[in-house]
1. Are any residues in segment 318-376 assigned to a helix (DSSP H, G or I), touching a residue at least 24 places away in the same chain (Cβ under 8 Å) and of a type outside the set (Gly, Ala, Ser), and if so, which ones?
2. Do we have SER52 as in contact (Cβ under 8 Å) with a residue 24 or more places away in the chain, farther than 23 Å from GLY262 by Cβ and of a type in the set (Ser, Thr, Tyr) here?
3. For segment 248-272, which residues satisfy the criterion of being within 16 Å of ligand 1 (Cβ to nearest atom) and surrounded by fewer than 20 Cβ atoms within 10 Å (Cβ to Cβ)?
4. Taking segment 245-288, which residues are away from ligand 2 (no atom under 13 Å from the Cβ), of a type in the set (A, V, I, L, M) and under 24 Å from VAL322 (Cβ atoms)?
5. Which is outside any strand (DSSP E or B) and out of contact with any strand residue (DSSP E or B) (no Cβ under 9 Å at 6 or more places or on another chain), of GLU235, GLU168?
6. Assess whether SER7 counts as being of a type in the set (S, T, N, Q), over 30 Å from ALA177 (Cβ atoms) and in contact with a helix residue (DSSP H, G or I) (Cβ under 7 Å, 6 or more places away or on another chain).
7. Within segment 313-341, how many residues turn out to be at positive phi and of a type in the set (Gly, Ala, Ser)?
Amino acid sequence: MKEHIFSKKRILLLGSGELGKELVIEAKRLGLEVIAIDKYKNAPAMQVADDSYVIDMSNKNVLKNTIKKLNPDFVVPEIESLSIEALKELEEEGLRIIPNARTVEITMNRDKIRDLASKDLNIRTAEYQYVFNYDDLDKKAVEIGFPLLLKPLMSSSGKGQSLVEREEHLLKAWSDAQSNSRGNVNGVILEEFIDFDFEFTLLTVRKDNGENVFCLPIGHIQSKGDYQSSWQPLEINDLLINEAKKITNQILNNLNGPGIYGVEFFAKGNDVIFSELSPRPHDTGMVTLVSQNINEFELHLRAFLNLPIPKITLLKPSATRVILSDEEFINPKYTGLNEALNFENTKVLLFGKPNAKKGRRMGIVLSSNDDLNLARQNADEASLSINVISN
Ligand SMILES: Nc1ncnc2c1ncn2[C@@H]1O[C@H](COP(=O)(O)OP(=O)(O)O)[C@@H](O)[C@H]1O
Ligand SMILES: [Mg+2]
């Protein structure tokens with residue numbers, strides 16, 4: 001058998017938030033070189049990377065020239081808002097984009113992934129309509145019915161997302177979406193409101209050989225479209241999880257690129273409804289930092305580096321709760337860390353973001369316990385004790 005030689009690779013990380021930071025830490029454990037990019041200085045992943053650059057990733061020439069100059073072995077997007085044209089052209093020239101440029105393009109806005117799932121693959125989703133002009137809004141909203149969700153086609157973490165209960169609230173929701181839409185995408189998606197029993201993320205790692213390996217399902221709670229807490233394992237019946245796996249296989253076999261995917265579902269009665277997916281580590285999946293033998297960041301790396309992924313196991317039931325800022329500050333400080341760290345099997349990650357903003361995720365509490373409910377309770381209470389302050 002030919003001996004496998006592992007050599008130092010250069011990874012270019014596009015987006016340097018908290019998920020990128022953990023990815024860099026795992027990459028550094030393997031002795032890899034990582035260059036982190038974002039639109040602002042001193043972003044979380046930059047604090048642990050070998051080198052960093054501040055650029056406008058939505059500008060095609062800027063992104064393309066930066067990547068060419070840095071000449072990485074792998075380009076790993078951590079965010080959605082970037083020039084896909086630059087990535088597509090570089091992939092044509094032989095550069096490795098993770099998982100691949102087509103998947104990055106399909107998942108960067110809400111429309112392509114939704115159409116792929118619903119129209120091409122016949123997977124159940126919420127009913128939906130796209131609207132690009134305010135004049136069409138009323139008619140399409142009435143077709144969907146109220147309440148409905150209105151979201152910018154390009155946004156994340158609940159930004160610009162509104163639950164619209166009545167027709168007269170459409171204008172405000174439309175304006176919120178316009179002012180929170182990223183890139184130059186002005187359209188919105190209207191979605192049937194699913195009054196689900198619960199929602200979950202099925203983290204799935206697609207190996208380089210095309211095999212899909214599932215992690216145990218992660219339950220989570222969102223508020224105003226943004227994640228608040230998550231836990232693993234989620235108790236769920238076989239019928240639902242098997243359906244979610246079947247749907248995930250269908251989608252990943254189509255997208256076909258190595259890496260971790262966070263596949264989001266709603267469960268209602270005996271139905272599983274596909275919501276969206278990230279072709280990269282997922283925020284609710286940060287729980288795997290303590291719950292699994294191989295966390296989602298290491299799984300991502302191992303998948304695209306084509307390293308072995310033996311059995312993924314649960315170490316201990318675990319939970320997370322986010323630490324949010326209530327206000328805007330420069331150079332925030334934190335109170336209550338001592339109280340939080342007094343909880344058993346509990347860790348606090350502070351992301352080191354240089355600025356706090358209202359509602360911005362500044363850190364996370366992770367807690368493990370043989371009793372999952374206690375893990376959740378400890379994560380909640382520890383997080384509650386921490387406050388983000390200005391001095
Ligand atoms: N059609 C829907 N019905 C009910 N809740 C929804 C619907 N779409 C989104 N949500 C809620 O909003 C959250 C965020 O929506 P999502 O589409 O995942 O946006 P993002 O890309 O910002 O994560 C979901 O996790 C869910 O809690
Ligand atoms: Mg989501």
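1. LEU337, GLU339, LEU341, LEU372, ARG376
2. yes
3. Of everything in segment 248-272, those that are within 16 Å of ligand 1 (Cβ to nearest atom) and surrounded by fewer than 20 Cβ atoms within 10 Å (Cβ to Cβ) turn out to be PHE266, LYS268, GLY269, ASP271.
4. ILE260, ALA267, MET286, VAL287
5. Just a single option satisfies the conditions, and that option is GLU168.
6. no
7. Matching residues across segment 313-341 total 1.
Condition check ((1) without any contact (Cβ under 8 Å) to a residue 40 or more places away in the chain; (2) within 30 Å of PRO310 (Cβ to Cβ)) across all residues:
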position: PHE132; (1), (2): no, no
position: HIS169; (1), (2): yes, no
position: SER175; (1), (2): yes, no
position: ASN186; (1), (2): no, no
position: PRO217; (1), (2): yes, yes
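The values are calculated or read from the model by the stated rules, or taken from the named source; none is laboratory data. None of these values were measured; they are calculated from a predicted model. Methodologically, a virtual Cβ is constructed for each residue, glycine included, from the backbone with ideal geometry; neighbour enumeration extends over all protein chains shown.
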